[in-house]
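Contents: one structure, followed by commentary.
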Amino acid sequence: SQQGEEDPQALSIQEGENATMNCSYKTSINNLQWYRQNSGRGLVHLILIRSNEREKHSGRLRVTLDTSKKSSSLLITASRAADTASYFCATDAETDSWGKLQFGAGTQVVVTP
Amino acid sequence: SQTIHQWPATLVQPVGSPLSLECTVEGTSNPNLYWYRQAAGRGLQLLFYSVGIGQISSEVPQNLSASRPQDRQFILSSKKLLLSDSGFYLCAWSATGYYEQYFGPGTRLTVT
């Protein structure tokens, strides 16, 4: 079953704009991760945020985590055409003794020049 | 540095035929290994994971099986493919004790 659900399902923006996508999950987690997938390719790990963290940055990426609302957001600032991809959140349930991940259905982002 | 390979990249097979997809990891030892399937426009479904040679856990009962004959080799198999087995199959690895997973390029399987 899917643990994470991304919102929106699709997002179209112009270069230079910011892109924000959200992820909601159902059960307590150890960590939440964001991955990117270019069309027809494997996933690339972007960032991991631990359950005791509230915000994390990596380059143009900013991730927030609100465990009370069971939600996370991924912000891509100053987007580029190369950011066009699908973005997935993935969670590992606190009840799992080992890091099995459950992925959402993803947000498809299109950045137009 | 670590790399992960999958082959073949694409595969078209008739219903009822066997399947063997291979995944190998270089540059690390004793990785955790995973097989996922992704339907078009959807997220990933975990099929199998392995924490060591010969140790396979199945997440979804179906006509697929997995084996890990060597530390860095993970194989996905089927004796008889179904139409519903079509999809994009991804292999991934993670280091023991770490949650980040690293994915291979995937195999696009079409069952006709």
Report the GluC sites (Glu not before Pro) located in segment A:1-90 that are in a DSSP loop and have at most 16 other Cβ atoms inside 10 Å of their Cβ, or state none.
-> A:Glu15, A:Glu17, A:Glu53
J(HN,Hα) series, segment B:97-112, from Karplus relation 6.51 cos²θ - 1.76 cosθ + 1.60, nearest Hz, glycine and proline x | x, 10, 9, 5, 10, 10, 9, x, x, x, 10, 8, 9, 10, 9, 10
How much accessible area is lost when chains A and B come together, counting both sides, with a 1.4 Å probe, in Å² rounded to the nearest 100?
-> 1600
Among the residues of segment B:87-112, which ones have their accessible area go down by 50 Å² or more when all the protein chains sit together, as opposed to their chain alone (1.4 Å probe)?
-> B:Tyr99, B:Glu100, B:Gln101, B:Phe103
At a probe size of 1.4 Å, how large is the accessible area of A:Arg54, to the nearest 10 Å²?
-> 120
Lysine-lysine proximity count for the protein assembly as shown, Cα under 28 Å, sequence distance 8 or more or distinct chains = 11
Leaving ligands, DNA and RNA out of it, report the carbon-plus-sulfur percent of the accessible area of segment B:3-111 at a 1.4 Å probe.
-> 55
Per residue, accessible area of the protein assembly as shown with a 1.4 Å probe, heavy atoms of protein chains only, in Å², comes to 47
Expressed as a whole number of Å, what is the distance separating the alpha-carbon centroids of segment B:16-58 and segment A:54-89?
-> 27
Prolate/oblate/rounded label for the protein assembly as shown (Cα gyration tensor, a/c 1.5) | prolate
Can you give the FRET efficiency for B:Thr10 and A:Thr77, using 1/(1 + (r/R0)^6), R0 = 45 Å, r = Cβ-Cβ distance, to the nearest 0.05?
-> 0.80
Could you give the dipole magnitude of chain A about its Cα centre, charging the beta-carbon of Lys and Arg +1 and that of Asp and Glu -1, in debye to the nearest 20?
-> 180
Round to the nearest 10 and report in Å² the accessible area of A:His45, as given by a 1.4 Å probe over the protein chains' heavy atoms.
-> 40
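The values are calculated or read from the model by the stated rules, or taken from the named source; none is laboratory data. All of these numbers come straight from a predicted model, not from anything done at the bench. Quick reminder, even Gly has a Cβ in these numbers, built from the backbone with ideal geometry, and neighbours come from all protein chains shown. Surface accessibility is based on the protein's heavy atoms, side chains included, excluding ligands, DNA and RNA. Shrake-Rupley method; radii C 1.70, N 1.55, O 1.52, S 1.80 Å.
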